[in-house]
Amino acid sequence: MTLTRLGALAGEDPGLHALAQRLLGLAEAGLPAMYRAEAETFAFTRAGTVSPEGARRLELRGTSTRYAAITALGARFLPEDRQRALFGGRSAGEFTALLVERLPGVVDLGDAALVAWAAAETGHPKLSDALDRVAALDEPGRTRYTVEAAWVLSALAAARAAVDVEDRIRAARARLLAARTATSPLFPHATGPGLVPGYRSHVACFADQTYPLQALARLHASGGDPEALAAADACATRITDLQGDGGQWWWHYDARRGTVIEGFPVYSVHQHAMAPTALFDLAEAGGTDFGAAIRRGLGWMTAVPELAGPDGTPREPMIREDLGITWRKVHRGDPKKAVRAARGLTTRVAPRVRLAPLDVLFRPRAVDRECRPYEFGWMLFAWLGGPQR
């Protein structure tokens, strides 16, 4: 492949370049098995189960409109014949058209925003109708989850060359920027009060950072917005400063102070797809180049310190070509996510308290054996996208 992002990686680290190509091949091989032909959409997850005889197998569970839209966003960068192998014979554009047709029945704002974003990127003739559905679901003045608000802005930024959305962009931009506290560059879990209980309103996740910084970077790239770019850069700088020694992108942050509350789980999709997607978009919009952090994160996929045995070799690989998946995450295996709950509650009133004994009691050695389509969709988006495409 002679694509911008992969090409740069080849010059910087040939080993990681080979790893990225390996993962992209795995995404193309694995996505057809996640497509549910009877429903003409993608499953919610492909999960590993153990039979009574002890054999491990994978089963599809549920369906997901948002995962289908994300897959279309990433797969559109493939040659058309290879797109059709993923979508039951359709191209990414034709599959997006099917999602647009179903929009009147979509009631989730995030789902609708992602479909509209895909419609904008594939040049769908009913893009205006898709955006109208987003507007109908996005009641003015209502608090939204930050991820949803970011997807709305990304969809509008992608559409602005084809449709007059400037008033809506101003509102979506203002909502996202206003969600931050004055003392931290990080984004909270929701754009305002009401959605998150007060005792954990300070807790934000990794997705609450990457999707807003990506949306603000893409907004600047679509029309020039230095303030938006600066906010994206500040957020990216902070989460990169907090990145783990093994390249880990941590999970829960204190949005007030810009610190880590609880690092685990570490998700494969953050390492190989979501962080690269956001940080590549930021650099290409004119922001800071965080290529070194992207490479450290990608390297975690084959050198997982949490799973290293006494001799340093991994007890279990996260990449499974034989199954067409990457395992979803490494986690503590604590009952009812006790560590996250304890640290979330404690840091509300005592931000510096770490409850260090929990790290010894619940070591992160468990593997979540499932894989979701959006993980491969963002992977394709991250490594095959770029300004020249």
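The values are calculated or read from the model by the stated rules, or taken from the named source; none is laboratory data. Model, not experiment: these values are computed from the prediction. Glycine also receives a Cβ, built like all others from the backbone with ideal geometry; neighbour counts cover every protein chain displayed. Keep in mind that these areas ignore ligands, DNA and RNA; they rest on the heavy atoms of the full protein, side chains included. Shrake-Rupley method; radii C 1.70, N 1.55, O 1.52, S 1.80 Å.
For Phe42, the amide hydrogen comes within under 5 Å of the amide hydrogens of Arg36, Ser64, Ala68, counting only partners 5 or more places away or on other chains and with H modelled in the peptide plane. Put simply, the amide H of Thr259, placed in the peptide plane, has neighbours under 5 Å in Asp254, leaving out anything fewer than 5 places away on its chain.
Remark: the Arg90-Glu38 segment gains 17.3 nm on full extension, using 0.36 nm per residue and subtracting the alpha carbon distance.
All C-alpha to C-alpha distances of the stretch 43-159, sorted into 10 Å bins beginning at zero, yield P(r) values of 14, 40, 28, 12, 5, 1 percent in whole numbers. Kirkwood hydrodynamic radius computed over the chain comes to 21.3 Å, based on all pairs of distinct alpha carbons. For the chain, the share of accessible area belonging to carbon and sulfur comes to 53 percent (1.4 Å probe, ligands and nucleic acids excluded).
Each principal axis of the Cα cloud of the stretch 116-244 was taken in turn, and the coordinate range along them, longest first, works out to 43, 29, 23 Å. Relative to its residue count, the stretch 244-330 spans a Cα convex hull of 108 Å³ per residue. The residues of the chain have, on average, 40 Å² of accessible surface per residue, using a 1.4 Å probe with all protein chains present. Here the stretch 146-300 is treated with +1 on each Lys and Arg Cβ and -1 on each Asp and Glu Cβ, and its dipole about the Cα centre works out to around 260 debye.
Residue by residue, the stretch 38-46 carries 3J(HN,Hα) couplings of 5, 9, 6, 7, 9, 5, 6, 7, 10 Hz when phi is fed to the Karplus relation 6.51 cos²θ - 1.76 cosθ + 1.60 (θ = phi - 60°); x denotes Gly or Pro.
Would the stretch 238-289 count as rounded, prolate or oblate if I go by the C-alpha gyration tensor, calling it rounded below 1.5 in a/c and otherwise prolate when a/b exceeds b/c, oblate otherwise? The shape class here is oblate.
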